[in-house]
Ligand SMILES: [Zn+2]
């Protein structure tokens, strides 16, 4: 079936987010572009991932219209589809409210690159606050991600990764959270010293080529 493989992959990484504590309950969402199609598979709204079968996952167009499936797509679908429209090189998106990345989003603070390999997705900029689920939030995130950021936070909300593969977007969500936690504790210890700028640039180059994860 056309969408089956992508549905299986999205469900696999959504469950991994749950198991590894990146997502609590249903507070997050995971999606992937269907290869060669103008279509995206996304987690449904408000249903625990570990109770789903792959065929339950909604398939939507790049403009968030339902193509297949009986369940309501995630309320953050407009944010996911806006990223896929703006970034042809993005094929996987993971959004979570993981603790330390969210703390930085509340502080409106960029998460700096602290140490490799968790810094592969840093620096992580912060998108200005907009109401969750709104077109304005979608615009804010697309603008903040720009042409080459692989991750950003959303002020007072959480983090989002947008990568060439869903596997990388999942790994990115882990890395951003780990980097944010290290940054938080060094900040608490009194001085937050990031990596030198040339090291950050080299790590970004490697991450963009898919080498870092
Ligand atoms: Zn959210």
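Points worth noting:
- Segment 76-213, relative contact order in percent, only Cα pairs under 8 angstrom and at least six apart counted: 34
- The chain - share of DSSP beta bridges that are antiparallel (%, nearest 5): 90
- Full-stretch length increase - residue 85, residue 99 - with 0.36 nm per residue and alpha-carbon distance subtracted: 2.2 nm
- Residue with peak Gaussian network fluctuation, the chain [Cα springs, cutoff 10 Å], from 99, 114, 192: 192
- Segment 84-150, relative contact order [Cα under 8 Å, separation at least 6], %: 22
- Segment residue 191-residue 37, extension gain: residue separation times 0.36 nm, minus the distance between their alpha carbons: 50.7 nm
- FRET E, pair residue 20, residue 51, Förster distance 30 Å, beta-carbon r, rounded to 0.05: 0.95
- Between residue 115 and residue 27, the FRET efficiency estimated from the beta carbon spacing at R0 = 22 angstrom works out to 0.20.
- C-alpha long axis of helix 197-208 to longest principal axis of the chain, angle in °: 20
- Treating r as the C-beta distance of residue 139 and residue 5 and R0 as 30 Å, the FRET efficiency rounds to 0.45.
- On Cα atoms only, tilt of 166-188 relative to the major axis of the chain in degrees: 30
- One chain, two ends: residue 206 and residue 147. Fully extended at 0.36 nm per residue, the span grows by 19.6 nm beyond their Cα-Cα distance.
Since every read-out is calculated from the coordinates, none of them should be taken as a lab result. On a predicted model such as this, the values are computed, not experimentally measured, just so you know. Cβ sites come from the backbone with ideal geometry, for glycine too, and all protein chains shown count toward neighbours.
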